[in-house]
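A short worksheet on the structure shown next.
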Amino acid sequence: MKNLTIKAKIIIGFVIVLLMMAGSMVISIKNLAHVNNMLDGIVESSAEKVKLSLEIVQDALNVIRAEKNVILSETQEDITRYAAVEEESKKLVQEKKQKLLKLVAACSVAPWDISLALELISCAPEAT
């Protein structure tokens with residue numbers, strides 16, 4: 001190093017700094033890509049859970065609406081039609097509850113908390 005000129009020493013210093021910057025940039029890009037993939041997974045999972053929860057609530061409201069229509073119906077045809085709508089909505093609620101349970105089971109939530117939450121948002125009685 002004693003034989004090098006000041007110009008060469010400065011150039012070597014800048015090259016070393018540039019190489020360190022390039023290395024840190026590569027590491028940062030890899031880490032950001034990993035964080036982005038993790039965030040995408042979280043967002044997609046959460047969005048699916050919220051979507052299913054809202055669909056369960058909507059189907060539960062359809063059950064209530066169909067029950068009221070059965071009560072207020074004047075003809076047997078209307079009663080039969082609304083009863084069929086009610087049963088279909090109950091089936092949809094149960095199917096979506098199972099899908100939601102599978103999604104939430106992948107998370108670290110106690111199973112009794114999941115069941116309690118699903119019972120609270122679902123007003124359709126369980127099939128016995």
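Bear in mind that the values in this text are calculations on the coordinates, not laboratory data. Just so it is clear, the structure is predicted and the values come from calculations on it, not from any experiment. Using ideal geometry, Cβ is built from the backbone for each residue, glycine included, and neighbour counts are taken over all protein chains shown.
Structure above, values below:
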{"quantity": "Computed label-point distance, nm, for sites I6 and Q76 using a 7 Å Cα→Cβ extension", "calculated": "10.9"}
{"quantity": "Cα convex hull volume per residue for region 6-121 (Å³)", "calculated": "124"}
{"quantity": "All lysines inside 16 Å of K96 as judged from Cα atoms, apart from same-chain residues fewer than 8 positions distant", "calculated": "K49, K51"}
